[in-house]
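First comes the structure, then the notes that go with it.
Every read-out reported here was derived from the displayed coordinates using simple, explicitly stated rules and does not represent laboratory data. Here the structure is a predicted model, which is why all the values come from computation and not from measurement. Glycine gets a Cβ as well: all are built from the backbone with ideal geometry, and neighbour counts include every protein chain shown.
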Amino acid sequence: MTSRIAVLPGDGIGPEIVEQAVRVLRALDLDLELTEAPVGGAAYAAKGHPLPEDTLALARQSDAVLFGAVGDWKYDHLERALRPEQAVLGLRKALGLFANLRPAILYPELANASSLKPEVVAGLDILIVRELTGDIYFGQPRGVRTLEDGPFAGDRQGYDTMHYAETEVRRIAHVAFQAAARRQGRLCSVDKANVLETSQFWRDIMIDVAREYPQVELSHMYVDNAAMQLVRAPKAFDVVVTGNLFGDILSDEAAMLTGSIGMLPSASLNASRQGLYEPSHGSAPDIAGQNIANPLATILSAAMMLRYSLNAAPAADRIEAAVQAVLAQGLRTADIHENGTTRVSTSEMGDAVLKALN
Ligand code: NAI
Ligand code: MG
């Protein structure tokens, strides 16, 4: 069966890096139908809107979206609704993408890029599963009110509401347990159950869902401890699952352990495993159009797409092995270049991955 992929390069370095990922996808012996459409600044320039109807319709009809990046500074003057970044939010909402998968992988060859000691991080391979549509970020009521009584009576107060519906916790739990089952079989659920009711509820449901996954070992950790353990002994983790707020912070912390933003892929999935796959970094307007951006995060995002949305894990393995091979050959784009390695351009890196595939 043909898999339909919407290719949305975006602006900034988006087109350059997506071009390399598309070359890699086309080189695989798979039945893929790739259709390109503008998004972000490129769509604003062409059609006056960062997420045009045609682009949205294409994404909806596809099995997966391969997304580059958006946010060129050229569009900074626009009102918020027309800014390139609105395209990502619009796609997330329209496709119901509630599960954000953020791997933090540090290839042994890049161990010096981390600010942590190589022996602590070399070979790091963890996956953070962040719930993306609930939690205090979207909870109602929220706002600013004047207090009627208590020690601060008459004072103004800002407030937000944290909550999670059972369905929301169960569906992210299943995504995380299934990911753990495919990996080392260890899942750590991060919460603040010693303080928050929402967290105790979350924890109880994790324990309940765990009964369906006897092959996965579930543990629990408070978020403050998790923040410490991520820098003390990050390799002790396999898969981490957590809510929107804690996941926002921990996934950025984990990404920084690797020290190389140009290397990190990400996925956002919905209940039918339709997904949006994109590099963790932005559109890097400072280096756009120079053929120097690192395309590996995007190429690795394409690998995640094959694994999580297109049921083609062997092809994903092949891409990941090819990336590992080019690093072992000493090829580096500018962002990860160090003495003794060979500096290559965006397209040369694509060439090398293609060659390593075969
Ligand atoms: P950024 O990730 O675009 O860039 C941060 C730094 O990392 C820059 O110095 C950049 O040159 C470098 N960098 C990023 N990706 C690279 C790559 N593949 N190869 C080599 N170097 C790379 O973050 P920044 O500068 O904060 O944001 C730029 C724009 O991107 C903003 O408008 C922001 O809103 C947007 N953005 C978009 C995202 C998306 O499309 N999902 C995510 C994050 C930011
Ligand atoms: Mg963040």
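A few points about this structure:
- Within the option set Ala81, Ala111, being surrounded by 14 or more Cβ atoms within 10 Å (Cβ to Cβ) and in a helix (DSSP H, G or I) holds for one residue only, Ala111.
- Checking each residue of region 76-98 against the condition of being more than 16 Å from ligand 1 (Cβ to nearest atom), out of contact with any Pro (no Cβ under 8 Å at 6 or more places or on another chain) and not β-branched (Val, Ile, Thr) gives at least one match.
- Qualifying residue in region 132-155 (condition: in a helix (DSSP H, G or I) and buried (at least 20 other Cβ atoms within 10 Å of the Cβ)): yes
- Taking the conditions (1) of a type in the set (A, V, I, L, M); (2) surrounded by fewer than 17 Cβ atoms within 10 Å (Cβ to Cβ); (3) touching a residue at least 12 places away in the same chain (Cβ under 8 Å) in turn, Ala46 satisfies each one other than (3).
- Annotation note: of Gly282, Gly262, Gly247, the sole residue that is under 14 Å from the mean Cα position of the chain (by Cα), within 16 Å of ligand 1 (Cβ to nearest atom) and either without any contact (Cβ under 8 Å) to a residue 60 or more places away in the chain or not in a helix (DSSP H, G or I) (or both) is Gly282.
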